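Remarks on the structure that follows.
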Amino acid sequence: MLHRTRTAAALAALAAGALLLTACSGGDSGSAAAEAPAVASSTDFPEGSTMARLAEAGTVTIGTKFDQPLFGLKGLDNQPTGFDVEIGKIIAGELGIPADKINFIETNTKVRDEAVMSGKADMVIATYMITEERQERVTFAGPYYNAGTLTMALADNDAITGIESVGDASVKVCGATGSADLDAISEHLADPAAQLVLFDVYSKCADALRTGQVDAIAADSTILLGLADEADGEFKIVGESYLDQLFGIGITKGDVEFCEFIDDTLNAAVEDGRFAEAWKRTAGTVVPEVPSLPEFIACA
């Protein structure tokens, strides 16, 4: 469901933010969101709203991956980088919060729901696939990206040609605990209990593939692209996608107002080029084509 109406003050803040952020996006160092000045205050948002609370605090806590190249990876400066991180900076910027006032915390696949539900994070942007089960616990803004589940093997392994080639009970397939695509992966395995090897982070899957503990990794394309990018030709992605994955931004269940604000921000970022710039600086270094913004789901 596309949106939406908001208060005139909030819309004015978004418009002003878009103009100022666009003006600051021409440099090569740092993200556009990081360079933009504060453009909003708590008075620009409805009283009592999450937006007003965060704007008044001047800081926001965002959960993201620390082990996901191109999307959320902690760098040498101890700060995360990647497309998800840049999306977080864009949203924070619309709240008047600069990048240096964002508290990024690690939320791996297993703990994303808990981080939202406990209030540990104000939002989670961590290659977070929207599912019906998760929607019972978390409200999702977006989606902002559509990935697909694929298969990766060692570059010299010609036996693994896609998910259809891992059905033999002797083939070991690596995945992440709590990942939403485990059921889809299991459908292609002769003996999921014996064949699936699960870790809490995908970097351990890469190590297991490299050392021969597993024969393949099954994960969404964003994860495999990042791992392949770091492997210097050691890995290859094979076969066709067999499960669409819509990535959303997890927030407190029922916070429709904040969800709609985030969706409006994503739309504005596409229109003024911040979305494309965020992609080009991160995942676009491997896949240059800027993805389209998927149709939003209803905020609930």
Residue under evaluation Phe296, criteria (1) hydrophobic (A, V, I, L, M, F, W, C); (2) crowded, with 19+ Cβ neighbours inside 10 Å; (3) more than 16 Å from Cys174 (Cβ to Cβ); (4) in contact with a Ser or Thr (Cβ under 7 Å, 6 or more places away or on another chain), criterion not met: (4)
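Among the residues that make up the stretch 87-109, is at least one of them in a loop (DSSP other than H, G, I, E, B), farther than 18 Å from Thr265 by Cα and of a type in the set (A, V, I, L, M)?
First, pick out the residues of the stretch 87-109 that are in a loop (DSSP other than H, G, I, E, B): 95-98, 107-109.
Checking the rest, the ones that are also farther than 18 Å from Thr265 by Cα come to 107-109.
Then drop every residue that is not of a type in the set (A, V, I, L, M), which leaves none.
Checked against the condition, which is being in a loop (DSSP other than H, G, I, E, B), farther than 18 Å from Thr265 by Cα and of a type in the set (A, V, I, L, M), the stretch 87-109 yields no hits at all.
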Scan of the stretch 197-249 for residues that are in contact with a Gly (Cβ under 7 Å, 6 or more places away or on another chain) and among the aliphatic types (A, V, I, L, M), ordered by number: Leu198, Ala218, Ala219, Val238, Leu243, Ile249
Residue count, the stretch 61-102 (criterion: under 16 Å from Ala278 (Cα atoms) and of a type in the set (Lys, Arg)): 1
Counted residues, the stretch 123-149 - those being open to solvent by less than 30 Å² (accessible area, probe 1.4 Å) and not β-branched (Val, Ile, Thr): 13
Strands (runs of 3 or more DSSP E) wholly inside the stretch 216-300 that include at least 2 residues being of a type outside the set (D, E, K, R) and over 30 Å from Ala159 (Cβ atoms): 244-252
Residues located in the stretch 176-223, provided they are within 19 Å of the chain's Cα centre (by Cα) and of a type in the set (D, E, K, R): Asp181, Asp200, Asp220
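Yes/no per residue for (1) farther than 14 Å from Ala298 by Cβ; (2) among the polar types (S, T, N, Q); (3) surrounded by fewer than 23 Cβ atoms within 10 Å (Cβ to Cβ):
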site	(1), (2), (3)
Leu243	yes, no, yes
Phe247	yes, no, no
Val256	no, no, yes
Glu260	no, no, yes
Ala268	yes, no, yes
Arg274	yes, no, no
Ala278	yes, no, no
Ala283	yes, no, no
Output for the stretch 64-83, where each listed residue is within 10 Å of the chain's Cα centre (by Cα), in contact (Cβ under 8 Å) with a residue 60 or more places away in the chain and part of a strand (DSSP E or B): Thr64, Gln68
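Within the stretch 237-256, which residues are more than 19 Å from Pro294 (Cα to Cα), of a type outside the set (A, V, I, L, M) and in contact with a helix residue (DSSP H, G or I) (Cβ under 7 Å, 6 or more places away or on another chain)?
First pass over the stretch 237-256, keeping only residues more than 19 Å from Pro294 (Cα to Cα): 237-240, 252-255.
Still in the list and also of a type outside the set (A, V, I, L, M): 239-240, 252-255.
Within the stretch 237-256, Gly239, Thr252, Asp255 qualify.
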Candidate set: the stretch 22-63, residues that are in a helix (DSSP H, G or I) and among the hydroxyl-bearing types (Ser, Thr, Tyr); chosen: the one modelled with the highest pLDDT: Thr50
Residue ID - most open to solvent (accessible area, probe 1.4 Å), chosen from residues in the stretch 151-170 that are of a type outside the set (Ser, Thr, Tyr) and in a strand (DSSP E or B): Leu154
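The values are calculated or read from the model by the stated rules, or taken from the named source; none is laboratory data. Just so you know, these numbers come straight off a predicted model, no measurement behind them. Neighbour counts are summed over all protein chains in view; Cβ atoms, including those assigned to glycine, are modelled from backbone coordinates with ideal geometry. For accessibility, only protein heavy atoms count, side chains too; no ligands or nucleic acids. Shrake-Rupley method; radii C 1.70, N 1.55, O 1.52, S 1.80 Å.
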